[in-house]
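All remarks here apply to the structure that follows.
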There are 2 protein chains.
Amino acid sequence: MGSYQGLSRQVKKMELKFENELIPAVIQDRRSGKVLMLGYMNQAAIEQTQSTGWVTFFSRSRQKLWVKGETSGHRLQVHEVRVDCDGDALLVQAELTGPGCCHKGYKSCFYRKVTPRGEEVIAEREFDPSQVYGQTGKESRS
Amino acid sequence: MGSYQGLSRQVKKMELKFENELIPAVIQDRRSGKVLMLGYMNQAAIEQTQSTGWVTFFSRSRQKLWVKGETSGHRLQVHEVRVDCDGDALLVQAELTGPGCCHKGYKSCFYRKVTPRGEEVIAEREFDPSQVYGQTGKESRS
């Protein structure tokens, strides 16, 4: 396994495929391996993510760059950015500064399991969202 | 942490948000935690994934349902399907039957790191794609 072609250290120019100027970015906790969230980046968000070291998305609802955690303080420090075989998806290995990534108070946005009967919460809340975002406030994540 | 609200076992009806009838699905190896790929599902793909237990996408290039591994035999057996807070992304915990998920011969489709100078391969090949897909064959993954 893996012996017929060694690890290539060749660096090629990267070509990303955007759709409507966006590319989905999966965020994974670099220590636990937990998938924290999925967001979308445009070219500017990718550049800002790389230059600042903080995960930055393009908010589709607000139509502007969105530094994850700019409201909550629960930011995502970039460790590594990976790209998939087709160049149309990113995987960011990151470190979460704060108790949870999700604006609903959970570590991961994927805190619900889909069952034949509907959805079921499978995680415990790490923080009270009303104390972080305010009673009505909410950090958009799309 | 997590004490103010216990684990809810309440099951609610699930509402998914599709965009152009599709929802992105992140596939994670349930044992290693490795993110294997990102694909897209429509309602029929979700239903087939759940009823058969094999990850099924909607191929955007071929405009039809696509059982991952139908060409290579490297299928993805579903362990659990999760949904994110906004209901617009899925995370599938799965078991890979075969040496690699990626049609380029790697375990994960995210086998390249993005560096300031370009892309760099950071994994070793697990199999020879030409022996699995043929010299010209390729399993579309989008």
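The values are calculated or read from the model by the stated rules, or taken from the named source; none is laboratory data. All values reported here derive from a predicted model rather than from experimental measurement. In this analysis, Cβ positions are derived from the backbone assuming ideal geometry, glycine residues included, and neighbour counts consider all displayed protein chains. Just so you know, the surface numbers come from the protein's heavy atoms only, side chains and all, with ligands and any DNA or RNA stripped out. Shrake-Rupley method; radii C 1.70, N 1.55, O 1.52, S 1.80 Å.
Here A:Pro116 yields copy-to-copy label distances, from shortest upward, of 5.5 nm, the label point defined as 7 Å from Cα along Cα to C-beta. Each chain gives up part of its surface: A and B jointly bury about 5400 Å² of accessible area, both sides summed, for a 1.4 Å probe. Site pair B:Gln43 and B:Gln77 shows an inter-label distance of 3.1 nm when each label is modelled 7 Å from Cα along Cα→Cβ.
Label region A:48-142 by shape, choosing from rounded, prolate and oblate, from the square roots a ≥ b ≥ c of the eigenvalues of the Cα gyration tensor; if a/c is under 1.5 it is rounded, and otherwise prolate applies when a/b is larger than b/c, oblate when it is not. List each step's numbers first, then the result.
Details: a/c = 1.73, a/b = 1.24, b/c = 1.40.
Oblate is the answer for region A:48-142, as a/c is 1.5 or above yet b/c matches or exceeds a/b.
Taking the inverse of the mean 1/r over every pair of distinct Cα atoms in region B:17-66 gives a Kirkwood hydrodynamic radius of 11.3 Å.
Measuring from each Cβ of chain B to the axis carrying B onto A, the nearest residue and its distance in whole Å come out as B:Gly33, 2.
Panel note: contact residues of region B:68-88 (accessible area lowered by at least 20 Å² against the chain on its own; 1.4 Å probe) correspond to B:Glu80, B:Val81, B:Arg82, B:Val83, B:Asp84, B:Cys85, B:Asp86, B:Asp88. Going by a ≥ b ≥ c, the root eigenvalues of the Cα gyration tensor, does region B:70-113 fall in the rounded group (a/c under 1.5), the prolate group (a/b larger than b/c) or the oblate group? Because a/c hits 1.5 or more and a/b fails to exceed b/c, region B:70-113 counts as oblate.
Exceedance of the 30 Å cut-off in Cα-Cα distance is limited, within the set A:Lys104/B:Lys64; A:Lys107/B:Lys104; A:Lys68/B:Lys113; A:Lys34/B:Lys17; A:Lys64/A:Lys104; A:Lys68/B:Lys104, to A:Lys104/B:Lys64; A:Lys107/B:Lys104; A:Lys68/B:Lys104. Which distances, shortest first and in nm, link A:Gly33 to the matching position in the other copies, using label points set 7 Å out along Cα to C-beta? Copy-to-copy label distances at A:Gly33, shortest first: 0.6 nm.
Rounded, prolate or oblate, given the Cα gyration tensor of region B:20-99, with a/c below 1.5 counting as rounded? Judged from the Cα gyration tensor, region B:20-99 comes out oblate (a/c at least 1.5, b/c at or above a/b).
Spin-label pair B:Phe18-A:Thr115: with each label point 7 Å from Cα along the Cα-Cβ axis, the two points sit 2.5 nm from one another.
Accessible surface of B:Val132, taken over heavy atoms with a 1.4 Å probe and every protein chain present, rounds to 50 Å². Of interest is the spacing of the C-alpha centroids, which for region B:55-97 and region A:14-45 amounts to 18 Å. Overall, the accessible surface of region B:62-110 at a probe of 1.4 angstrom is composed of carbon and sulfur to the extent of 40 percent.
Against the criterion of solvent-accessible heavy-atom surface with a 1.4 angstrom probe, A:Thr97, A:Thr115 sort, most first, into A:Thr97, A:Thr115. Note on region B:11-142: with charges restricted to the Cβ of Lys and Arg (+1) and Asp and Glu (-1), its dipole about the Cα centre is near 180 debye. Charged neighbours of A:Gln28, selected by a Cβ distance under 11 Å, balance to +2 (K, R count +1; D, E count -1).
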